[in-house]
Structure formats: structure tokens, C-alpha cells
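All of the numbers you see were taken from the coordinates with simple rules; none came from a lab. Computed from a prediction, not measured in an experiment: that's the story for all the values here. Methodologically, a virtual Cβ is constructed for each residue, glycine included, from the backbone with ideal geometry; neighbour enumeration extends over all protein chains shown.
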Amino acid sequence: MGRRSRQPRLSAPTSEYRDADDNVLVLRGALKPGARREYAQVLAGGLDQEDAWQRASELLFERLAASWTIAGLELTGQKELLGRYRMASAAERQFVRDSLREHVADHFPELQAP
């Protein structure tokens with residue numbers, strides 16, 4: 001039996017966003033077509049508009065966040081990131097929302113920003 005050669009795993013480019021407290025959010029520069037469709041469906045879904053915006057923002061964060069460094073502690077695991085996002089203060093959520101809006105406008109202009 002022959003061994004399969006493994007292709008190196010490609011990684012998406014990333015962008016860093018910093019807040020006034022020097023916390024750093026790193027977002028991926030790639031979003032799969034299925035995730036784009038899911039985002040559009042959630043945003044246009046039959047939910048209350050505010051609920052749709054909240055869920056769409058969370059979905060984008062879940063798909064795009066590569067890491068988030070808060071007070072010197074870097075979070076990189078998907079469950080850690082999503083859990084921390086859900087516990088974020090109002091100021092932290094505003095920072096994430098602003099970062100996502102800028103990132104979507106720069107990297108995914110066909111998507112409606114949250």
C-alpha cells in the first residue's frame with residue numbers, strides 16, 4: 001500500500017482590528033459560499049429585524065473570527081471565541097460589530113454588513 005501525500009492545508013489571509021484598549025480581533029479573509037448563503041438567509045429571515053441582525057452578526061463572528069486577544073489573553077478555539085462573544089460587554093460587542101462591518105465592506109462587498 002502506498003502512502004498518500006498530504007497537501008499542505010491552505011489558510012485564509014487574516015486582518016487585525018484593534019480597539020482603544022489594545023485588544024485585537026483577527027478575522028479571516030475568506031468565507032465559503034455556503035456560509036455566505038446562510039448569512040443572507042438569516043439576515044433576510046422571518047425573525048424580528050433586531051433578532052436577525054444579532055444572529056447574523058454572531059454567525060459572521062463564528063465563521064470569520066480566527067482569534068481574539070482581550071487583556072493579553074488570546075482566544076483561538078471556536079467554542080472559546082463564541083462563548084466569549086456571547087459574554088461580551090456592550091463596548092466589546094460594539095467593537096466586534098464595527099470590525100465586522102469594516103471587514104465585510106473590505107473583503108466581501110457583495111454581502112450586506114451587519
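Numbers at a glance
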read-out: Dipole magnitude (debye, nearest 20) for the chain, charges at Cβ of Lys, Arg, Asp, Glu; value: 940
read-out: Gyration tensor (alpha-carbon) shape descriptor, segment 33-78, a/c threshold 1.5; value: oblate
read-out: Using a Förster distance of 22 Å, the FRET efficiency for S11-R36 (Cβ separation, nearest 0.05); value: 0.70
read-out: Ordering of 24-37, 69-82, 93-106 by packing [mean C-beta count within 10 Å, highest first]; value: 93-106, 24-37, 69-82
read-out: Identified option (computed Cα Rg over 2.2 N^0.38 Å; candidates (1) 0.99; (2) 1.18; (3) 1.08); value: (2)
read-out: Shape of segment 53-99, Cα gyration tensor, a/c cut at 1.5; value: oblate
